[in-house]
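A short worksheet on the structure shown next.
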Amino acid sequence: MRFFDRRLVMTMALTVLLAACGGSAGGAVSGDDMSLGKADAKVTVVEYASASCSHCASWNNEVFPAFKAKYIDTGRVRYVFREFLTPPVELASASFLMARCAGKDKYFPVIEAVFHNQAEMYQSGDMRGGLLRIAQSVGMSEKEFTQCISDDEALKALNDRVEKYQREADITATPTFVVNGKKLESGAATLVQLDAAIAEAEAAAK
């Protein structure tokens, strides 16, 4: 089921394959970014991820809770989430638009809910229904949800951000992690790999 007019879906050719789901440096944190943790933390970890990427969902569901407890909640890391689009683009786009409409305080809970429900939505084929239930769980009506994911201006802004990440940060796959400007090997980084990269960044920042 289409979420919005196909003309509004990004037209650039994405070479991302969900089979691999995995892709220089991340740019400076901007007002468009969604982040968690202390703004003045010595280490910034940027994740480029797509709401429709199964490997991104696995990382969020299996690794992120331990990563958050160890680094974000303790103030050691500022975590920045940057939106990317992989097929099915409609699911990724609608998820991100919905999360931003929900507001900054609900953005990450919405994205987490999408990742936790992603497999079920794929199995049922009812992606719109799955997203609507998430939207309603954070207080959005069906009318508000429909208006949100049909917002031409917001979709263009999302597409522009993705194009910028491809052009300036050389992001071609998801998930991709960047630790203090140093890009890790593309793919769902393990906590051990992040431990090593963060330790190196902390040592360099002293």
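Restricting attention to region 148-171 and to residues that are outside any helix (DSSP H, G or I) and out of contact with any helix residue (DSSP H, G or I) (no Cβ under 7 Å at 6 or more places or on another chain), the residue that is surrounded by the fewest Cβ atoms within 10 Å (Cβ to Cβ) turns out to be 170. Could you please let me know if residue 199 is at pLDDT 95 or above, farther than 20 Å from residue 106 by Cβ and among the hydrophobic types (A, V, I, L, M, F, W, C)? It is true that residue 199 is at pLDDT 95 or above, farther than 20 Å from residue 106 by Cβ and among the hydrophobic types (A, V, I, L, M, F, W, C). Residue 104 meets the conditions (1) crowded, with 21+ Cβ neighbours inside 10 Å; (2) modelled with pLDDT under 95 in every case but one. The failed one is (1). The set of residues from region 182-200 being surrounded by fewer than 14 Cβ atoms within 10 Å (Cβ to Cβ) and not in a helix (DSSP H, G or I) comprises 185, 190.
So which residues in region 183-206 are charged (D, E, K, R) and closer than 20 Å to residue 68 by Cα, if there are any at all?
Initial filter on region 183-206 (charged (D, E, K, R)): 183, 185, 195, 200, 202, 206.
Answer for region 183-206, where residues must be charged (D, E, K, R) and closer than 20 Å to residue 68 by Cα: 183, 195, 200, 202.
The values are calculated or read from the model by the stated rules, or taken from the named source; none is laboratory data. Just so it is clear, the structure is predicted and the values come from calculations on it, not from any experiment. Positions of Cβ are generated from backbone atoms using ideal geometry, with glycine treated the same way; all protein chains shown enter the neighbour counts.
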